[in-house]
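Here is the structure we will look at.
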Amino acid sequence: MRKVLVITSSASDLQLKNGKKVATGFFLSELVVPVQKLRAAGFEVHYANPLGEEPALDPFSDRSAWFKFKYAEV
């Protein structure tokens, strides 16, 4: 089986100019949609990020509305 490495961000928060921190991370649909297509094409998917940590999910991306678009169809 062919293998592919998917790189995600190591960031889990962003500091704004006012000093406030907001949660961030990978955007779920931007990761899942391509990974579904890669797997359907026969690739074995592996994940990594620059710091070798578990990737953080952007909490805003965990909503079904992001998966209602035509590009999300597999």
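Split the chain at each of the trypsin sites (Lys or Arg not before Pro) in a DSSP loop with at most 12 other beta carbon atoms within 10 Å, and the longest piece is 21-62. GNM on the chain, alpha-carbon springs under 10 angstrom: the most fluctuating residue among Leu16, Leu57, Leu31 is Leu16. A Gaussian network model of the chain, with springs between Cα atoms under 10 Å, assigns the largest mean-square fluctuation among Ala40, Ala48, Ala23 to Ala40. Take the chain with all the other protein chains still there, run a 1.4 Å probe, and you get 75 Å² of accessible area per residue. Rounded to the nearest 10 degrees, the angle from helix 28-40 to the longest Cα principal axis of the chain is 20 degrees. A viscosity of 0.890 mPa s and a temperature of 25 °C, combined with the Kirkwood radius over Cα pairs in Stokes-Einstein, give a translational diffusion coefficient for the chain of 178 µm²/s. Straightening the chain between Asp62 and Ile7 buys 17.9 nm, computed as 0.36 nm per residue apart minus the Cα-Cα spacing. Note on the chain: GNM, Cα springs under 10 Å; of Ser64, Ser12, Ser29, the largest mean-square fluctuation is that of Ser64. Using a 1.4 Å probe on the protein chains only, how many percent of the accessible area of the chain belongs to carbon and sulfur? Carbon with sulfur: 57 percent of the solvent-accessible area.
The values are calculated or read from the model by the stated rules, or taken from the named source; none is laboratory data. Note that the structure is a prediction, hence the values are computed from the model and not measured. Here the Cβ is made from the backbone with ideal geometry for all residues, glycine too, and neighbour counts use every protein chain on show. Ligands, DNA and RNA are excluded from the accessible area calculation, which covers all protein heavy atoms including side chains. Shrake-Rupley method; radii C 1.70, N 1.55, O 1.52, S 1.80 Å.
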